[in-house]
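Shown next, in structure tokens, is the structure this report addresses.
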Amino acid sequence: MMTTNSDIQNQPEPSNDQRRIIYQARRGLKELDFYIDPYVKELYLTASPAEQETFEQMLTHEDPDLLDYFTNQDKPEDEAIWTLVNKIKTWRHAKDL
């Protein structure tokens, strides 16, 4: 399913803090962008404050660590980050079906 302009227009206007997080979400690894970019574009702004905070915490991890989480090579100590990684993975793979 393609994202249409109407999907993007239905997103709330990001706060300055949210804009900073969105900018930080840009990673250097294509494998991470596969997961993180669509999440930021489609789910982040409408996620609960707790999930947004967890996402912000997740972004403090280094790219190689994040890649290990998304490829099940390693697991973060923070259970909330692990839950969010799995939510993003499940959602992203379901989009491609």
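Summary table below
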item: Per residue accessible area of the chain, 1.4 Å probe, in Å²; result: 65 Å²
item: Local electrostatic count at LEU29 - Lys and Arg +1, Asp and Glu -1, tallied over other residues with Cβ under 14 Å; result: -4
item: Helix-derived mean residue ellipticity, 222 nm - over the chain, DSSP H n ≥ 4, -39500 (n - 2.57), to 500; result: -19000 deg cm²/dmol
item: Qualifying GluC sites (Glu not before Pro) for the stretch 1-91 [loop in DSSP, other Cβ within 10 Å: at most 15]; result: GLU62, GLU77
item: Pairwise label distance in nanometres, ASN86 with ARG26, each label 7 Å out on the Cα-Cβ vector; result: 3.2 nm
item: Overall Cα dimensions of the chain - principal axes, largest extent first, Å; result: 37, 33, 23
item: Chain lengthening between ASP68 and ALA50 when straightened (0.36 nm per residue, less Cα-Cα); result: 4.2 nm
item: Base-10 log of normalised Debye intensity for the stretch 48-97 (one unit scatterer per alpha-carbon) at q = 0.24 Å⁻¹; result: -0.91
item: Fraction of accessible area attributable to carbon and sulfur, the stretch 28-84 (%, probe 1.4 Å); result: 48 percent
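The values are calculated or read from the model by the stated rules, or taken from the named source; none is laboratory data. Just so we're clear, the structure is a prediction, and the values are computed from it rather than from any experiment. We place every Cβ from the backbone using ideal geometry, glycine too, and count neighbours over all the protein chains shown. Just so you know, the surface numbers come from the protein's heavy atoms only, side chains and all, with ligands and any DNA or RNA stripped out. Shrake-Rupley method; radii C 1.70, N 1.55, O 1.52, S 1.80 Å.
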